[in-house]
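Peer 1: One structure follows; several queries about it will come next.
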Amino acid sequence: MERIRVAVAGAGGRMGREVVKMVLQDDTLELTAAIASSTGPVDAASLVGLPSCGVTVTNDFTAALVNSKPDVLVDFTTPNTVMEHTTLAIQHGVRPVVGTTGFTPEQIEELQAICKEKELGGLIAPNFSIGAILMMRFAQQAAKYFPDLEIIEYHGDQKLDAPSGTAVKTAELVAQVRAEHKQGNPNEEEKIEGARGGYYNGFRIHSVRLPGIFAQQEVIFGGNGQTLRIRHDSYERAGYMPGVNVAIKKVMQLDQLIYGFEHILDQE
């Protein structure tokens, strides 16, 4: 069986290094390119403490795609570069698997249209954790019966976007089953701007950014005389890799770009 050729963008980052390690340790995958803006021309395997693999880290994204001819690009970079990366990958016939957040709905629609035209599979996933996907699904189910809710998400202080992609995806799923209505006292007044969090479809999203935190999210539902909390905690980046591995293999069978890892799980 021919191995799937994989390029990793953001290979020098914490998530990117985990992807490099996962690809190198899977006999069905082949690392063909590792792209990082500031790592330097080192062997990609040295980033994760493995024996030399013969792939040199580069900062030239386009050249890496053209020269290494990957089947799949895995992107864990930054919100300000990911749209360009994903567009270039699709234009070069490379299937994107994107964990970087920060896309607008319009950008996702644009990328889906390009993939449809090229009949190319791809995935944009705010979260690759199976536990996080279940948390979002349970929240969507609960919102049918507890329409008053708030989302609180916690990340480290170096995360660039707020709210997180997972929080946004959760809000979108909730909005599918919950009619919009504004919560709280109609006469409430914020004494400090933003104290009530971001407004989405009538409910609030709060983003906590502190050193020492990895990634957590809870959805709190309130009803008469009761509350319900649905929470997911991630403790290390390795927990996302089984999902990334599944996504790499699944996009090879798709002819469209999918938004949300839950759709990949549905096809397993």
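Peer 1: Under 6 Å between Cβ atoms, which residue pairs at least 6 apart in sequence (or on different chains) link something in the range 234-257 that is touching a residue at least 40 places away in the same chain (Cβ under 8 Å) with a partner that is in a loop (DSSP other than H, G, I, E, B) and surrounded by fewer than 18 Cβ atoms within 10 Å (Cβ to Cβ)?
Peer 2: Ser234/Phe214; Asp255/Glu119
Peer 1: Name the residues in the range 168-190 that are assigned to a loop (DSSP other than H, G, I, E, B) and modelled with pLDDT under 95, would you?
Peer 2: Initial filter on the range 168-190 (assigned to a loop (DSSP other than H, G, I, E, B)): 178-190.
Of everything in the range 168-190, those that are assigned to a loop (DSSP other than H, G, I, E, B) and modelled with pLDDT under 95 turn out to be Ala179, Glu180, His181, Lys182, Gln183, Gly184, Asn185, Pro186, Asn187, Glu188, Glu189, Glu190.
Peer 1: Further, regarding this structure: When you go through Thr32, Thr28, Thr39 one by one, which is the residue that is modelled with pLDDT under 95, among the polar types (S, T, N, Q) and either within 19 Å of Asn67 (Cβ to Cβ) or assigned by TED's automatic domain parsing to the domain that holds Gly243 (or both)? Walk me through it before giving the result.
Peer 2: Numbers: Thr32 fails: modelled with pLDDT under 95; Thr28 fails: modelled with pLDDT under 95.
From the options Thr32, Thr28, Thr39, the qualifying one is Thr39.
Peer 1: When you scan the range 175-193, do you find a residue that is within 22 Å of Ile130 (Cβ to Cβ), outside the structural domain of Gly13 (by TED's automatic domain parsing) and either in contact (Cβ under 8 Å) with a residue 12 or more places away in the chain or loosely packed, with under 11 Cβ neighbours inside 10 Å (or both), even just one? Outline the logic, then answer.
Peer 2: Of the residues in the range 175-193, the ones within 22 Å of Ile130 (Cβ to Cβ) are 176-177.
Okay, now just the ones that are also outside the structural domain of Gly13 (by TED's automatic domain parsing), so 176-177.
Next, only the ones that are either in contact (Cβ under 8 Å) with a residue 12 or more places away in the chain or loosely packed, with under 11 Cβ neighbours inside 10 Å (or both) stay: 176-177.
Within the range 175-193, one or more residues are within 22 Å of Ile130 (Cβ to Cβ), outside the structural domain of Gly13 (by TED's automatic domain parsing) and either in contact (Cβ under 8 Å) with a residue 12 or more places away in the chain or loosely packed, with under 11 Cβ neighbours inside 10 Å (or both).
Peer 1: Let me ask another. Answer yes or no as to whether Val55 is without any contact (Cβ under 8 Å) to a residue 40 or more places away in the chain, buried (at least 20 other Cβ atoms within 10 Å of the Cβ), assigned by TED's automatic domain parsing to the domain that holds Ile258 and in contact with a strand residue (DSSP E or B) (Cβ under 8 Å, 6 or more places away or on another chain).
Peer 2: For Val55, the condition - without any contact (Cβ under 8 Å) to a residue 40 or more places away in the chain, buried (at least 20 other Cβ atoms within 10 Å of the Cβ), assigned by TED's automatic domain parsing to the domain that holds Ile258 and in contact with a strand residue (DSSP E or B) (Cβ under 8 Å, 6 or more places away or on another chain) - is met.
Peer 1: Could you tell me how many of the residues in the range 1-38 are in a loop (DSSP other than H, G, I, E, B), within 22 Å of Leu160 (Cα to Cα) and touching a strand residue (DSSP E or B) at 6+ places or on another chain (Cβ under 9 Å)? It would help to see each step written out before you state the result.
Peer 2: Let us first name the residues in the range 1-38 that are in a loop (DSSP other than H, G, I, E, B), namely 1-3, 10-13, 25-28, 36-38.
Of the ones still in play, those that are also within 22 Å of Leu160 (Cα to Cα) are 10-13, 36-38.
Now narrow it down to the ones that are touching a strand residue (DSSP E or B) at 6+ places or on another chain (Cβ under 9 Å): 10-12, 36.
Residues meeting the conditions: 4.
Peer 1: Tally the residues that are buried (at least 20 other Cβ atoms within 10 Å of the Cβ) and within 15 Å of the chain's Cα centre (by Cα), restricting the search to the range 203-222.
Peer 2: Result for the range 203-222: 2.
Peer 1: Filter the range 117-127 down to residues that are among the hydrophobic types (A, V, I, L, M, F, W, C) and buried (at least 24 other Cβ atoms within 10 Å of the Cβ) and give me whichever is farthest from Ala175 (Cα to Cα). Before the answer, list the steps.
Peer 2: Residues of the range 117-127 among the hydrophobic types (A, V, I, L, M, F, W, C): 120, 123-125.
Add one more test, that the residue is buried (at least 24 other Cβ atoms within 10 Å of the Cβ), and what stays is 123-125.
Details: Leu123: 22, Ile124: 20, Ala125: 18 Å.
That would be Leu123.
Peer 1: Quick check on my filter: what residues within the range 194-205 are assigned to a strand (DSSP E or B) and either of a type outside the set (Val, Ile, Thr) or more than 22 Å from Ser129 (Cβ to Cβ) (or both)?
Peer 2: Taking the range 194-205 first, the residues assigned to a strand (DSSP E or B) are 198-200, 203-205.
Across the range 194-205, the qualifying residues are Gly198, Tyr199, Tyr200, Phe203, Arg204.
Peer 1: If the Cβ limit is 6 Å and pairs must be 6+ apart or interchain, which residue in the range 200-217 that is over 16 Å from Phe146 (Cβ atoms) pairs with which residue that is charged (D, E, K, R) and buried (at least 17 other Cβ atoms within 10 Å of the Cβ)?
Peer 2: Taking only residues 6 or more apart or on different chains, the pairs are Ser207/Glu153; Gln217/Glu153.
Peer 1: If you go through the range 84-116, how many residues are loosely packed, with under 14 Cβ neighbours inside 10 Å and of a type in the set (S, T, N, Q)?
Peer 2: 2
Peer 1: Something else: Which of the following residues is within 18 Å of Asp75 (Cβ to Cβ) and either buried (at least 18 other Cβ atoms within 10 Å of the Cβ) or outside the structural domain of Val74 (by TED's automatic domain parsing) (or both): Gly197, Gly243, Gly225?
Peer 2: On the way: Gly197 fails: within 18 Å of Asp75 (Cβ to Cβ); Gly225 fails: within 18 Å of Asp75 (Cβ to Cβ).
Of Gly197, Gly243, Gly225, the one residue that is within 18 Å of Asp75 (Cβ to Cβ) and either buried (at least 18 other Cβ atoms within 10 Å of the Cβ) or outside the structural domain of Val74 (by TED's automatic domain parsing) (or both) is Gly243.
The values are calculated or read from the model by the stated rules, or taken from the named source; none is laboratory data. Bear in mind that the values here come from a model prediction, so they are computed numbers and not experimental data. So basically every Cβ, Gly included, is an ideal-geometry build from the backbone, and we count neighbours across all protein chains shown.
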